[in-house]
Each structure stands twice: as structure tokens, then as C-alpha cells.
1. Provide the gained length on full extension for the span LEU30 to GLU119, in nm with one decimal, where the gain is 0.36 nm per separating residue minus the Cα-Cα distance.
2. Dividing the Cα radius of gyration by the Kirkwood radius, what Rg/Rh value follows for the chain?
3. Using a 1.4 angstrom probe, figure out how much accessible area the chain has per residue, in square angstrom, rounded to the nearest whole.
4. Once both labels are modelled 7 Å past Cα along the beta-carbon direction, what's the GLU56-LEU14 spacing in nm?
5. Tell me the label-point distance for the pair ASP101, VAL70, using the 7 Å Cα-to-Cβ offset, in nm and rounded to one decimal.
6. Considering only protein heavy atoms and a probe of 1.4 Å, how much of the accessible area of the chain is carbon and sulfur, as a whole percent?
Amino acid sequence: MNRAPQILDDGEALRKLTSLARDFNSNTDLGSVLTGIMRAAEELVEADAASLLLVEETTGDLLFHVALGVKGGALKQKRLPKGQGIAGWVVEHGSPVNVPDVQADPRFAASFDRQTGYETRNLLAVPLCWNNRLIGVLEAV
């Protein structure tokens, strides 16, 4: 009985992804493409906010390249030192993680919540790979 709504949700998700792919193929501005990817991810998982952190090659630190949501502007170009936070863990292990209660997770970098005034409750983070190399982390909160 609950299957019909799921099929509609899957169909809507497929339409959004197809539209997104079409937009990306016609866009030459990498910043716009990355922001579009993050907006789609934010919408698909019904997140309050989403961010893209890229690994800085020289230090291994993570830099917030795209930060969406009410407090996203406060994170833009902030740095997460190598190996710190849940995103740092994702880079080190190359594995996605779903944290239902970040306050109870010792990996959580609470300093960003203190800086922005946003209270992160849960977090989904996945590694971003390109040419078989981990280049960053996508997060949805």
C-alpha cells in the first residue's frame, strides 16, 4: 500500500537528476555546476543545508568550497584541518557515514556550529572521488 508514493518519489528524483545532468552538460562554470549538485543533494535528502569540502593538496586540509543553507555563507572558505571532524574521517577512510546524532559522536567538529550559530543534529557525509582519487566530501545536515 505504501509502494505507490515511493514510486512517485523515485520518479520525481529521476526527473530531477535528468534535469540536473542536462543543466550540467550545458554549463561551463564549475562553481555553478558544483552549487547545482549540492542544491540537488540537499533537496533529494530533504536536508536543511549541504556543503562540499575539497581536499587541499598541499596540506590535506578540507576547505568549504560550497556551503548552502541559512548559515552557509559563514562557512564559505573555512578550513577543517586534516583528519578532523566527520568529514576528515570520511577522507581518511574513504567511506560514507550517516550520523543520526552528531552531538554524541566524538568525530564531530562542533566549532563550526559555535561559529555559525547553527545546531547540527544529524549528518550524512560521502566521499567525492574523481579519476580514482578522493578529492573531497559531500555533506548534508
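1. Details: separation 89, 0.36 × 89 = 32.04 nm, distance 2.97 nm.
The span from LEU30 to GLU119 would gain 29.1 nm if fully extended.
2. Details: Rg = 15.7 Å, Rh = 15.9 Å.
Value, to two decimals: 0.99.
3. On the way: 8780 Å² over 141 residues.
Per-residue accessible area for the chain comes out at 62 Å².
4. 4.3
5. Taking the two extended label points, one gets 2.3 nm.
6. Details: 4690 of 8780 Å².
Solvent-exposed carbon and sulfur of the chain make up 53 percent of the total.
The values are calculated or read from the model by the stated rules, or taken from the named source; none is laboratory data. Fair warning: this is a prediction, and the values are worked out from it, not measured in the lab. When we count neighbours, we look across all protein chains shown, and the Cβ atoms used for this are built from the backbone with ideal geometry, even at glycine. Protein only, heavy atoms only, side chains kept; ligands, DNA and RNA dropped before computing areas. Shrake-Rupley method; radii C 1.70, N 1.55, O 1.52, S 1.80 Å.
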